[in-house]
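Shown next, in structure tokens, is the structure this report addresses.
The values are calculated or read from the model by the stated rules, or taken from the named source; none is laboratory data. Remember, predicted model here, so these are calculated numbers, not experimental data. Cβ sites come from the backbone with ideal geometry, for glycine too, and all protein chains shown count toward neighbours.
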Ligand code: SAM
């Protein structure tokens, strides 16, 4: 249950030093201004204001994060995963990569949490530039649709968390869920489908199926996938 993992009471309470020690010195008694650049293990203090910008919701085994980490080496990103053992696996995976590749993978981390309840505890308004919902659990039965990670109500939360211009990426191999996610996004006043041209040129779109463990499984089995990629827009002004 939720009582087994701590939840920050507000985004300002998220401890970045445990996730990104390369960017955030764990010793909070050190004032930002005292962090000197002649200590080679520390980063100049200005990067300490870096915020998480990408969130992979239900990240599973972390394949997408690992790919994004090197594609966007300056961007802090986090996976949110509800299963304890899976979260631990991703943690270990990232630590091993950091160890084997000095200076790399410092921008990726994972947290065990229930993303359907606690997104606003982790991110401020307009903080994120990308959110990922890759191969989420389908919850087929009508009465379980409210448990889906994309729903009209949760899209309000995601719109709040995304900056204007930010992008939400979704993919599934379940046609009915693909339709559902697309319909929810299409009907929401703060989201708009990205253009075909942008869809074709965004390097991240290709990773949705190739970089995730679930996507690779679907590809191995020759399965079809259904993708919806939408941009957070400003509210349309009415006169
Ligand atoms: N995105 C990964 C991929 O494409 O390989 C994993 C897909 S897997 C089918 C769905 C994941 O979402 C599972 O790891 C599950 O534990 C996680 N999950 C389900 N509900 C969640 C929630 N409320 N909060 C966080 N993670 C959740």
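Things worth noting here:
- Segment 124-142 - residue that is assigned to a loop (DSSP other than H, G, I, E, B) and away from the ligand (no atom under 14 Å from the Cβ) and, of those, surrounded by the fewest Cβ atoms within 10 Å (Cβ to Cβ): 141
- In segment 74-88, residue farthest from residue 104 (Cα to Cα) [restricted to those that are within 6 Å of the ligand (Cβ to nearest atom) and within 11 Å of the chain's Cα centre (by Cα)]: 81
- Test: residue in segment 143-164 that is in contact with a strand residue (DSSP E or B) (Cβ under 7 Å, 6 or more places away or on another chain), near the ligand (Cβ under 10 Å from one of its atoms), in contact (Cβ under 8 Å) with a residue 12 or more places away in the chain and not in a loop (DSSP other than H, G, I, E, B): no
- All positions within segment 50-73 that are farther than 23 Å from residue 11 by Cβ and either within 13 Å of the ligand (Cβ to nearest atom) or buried (at least 23 other Cβ atoms within 10 Å of the Cβ) (or both): 60, 61, 63, 66, 67
- When residue 35 is tested against (1) at pLDDT 95 or above; (2) in contact with a helix residue (DSSP H, G or I) (Cβ under 6 Å, 6 or more places away or on another chain); (3) more than 16 Å from the ligand (Cβ to nearest atom), exactly one condition is not met: (1).
- The residues of segment 95-112 that are crowded, with 22+ Cβ neighbours inside 10 Å and either part of a helix (DSSP H, G or I) or near the ligand (Cβ under 10 Å from one of its atoms) (or both) amount to a single one, 111.
- Given (1) more than 12 Å from the chain's Cα centre (by Cα); (2) at pLDDT 95 or above, number of the condition residue 132 does not satisfy: (1)
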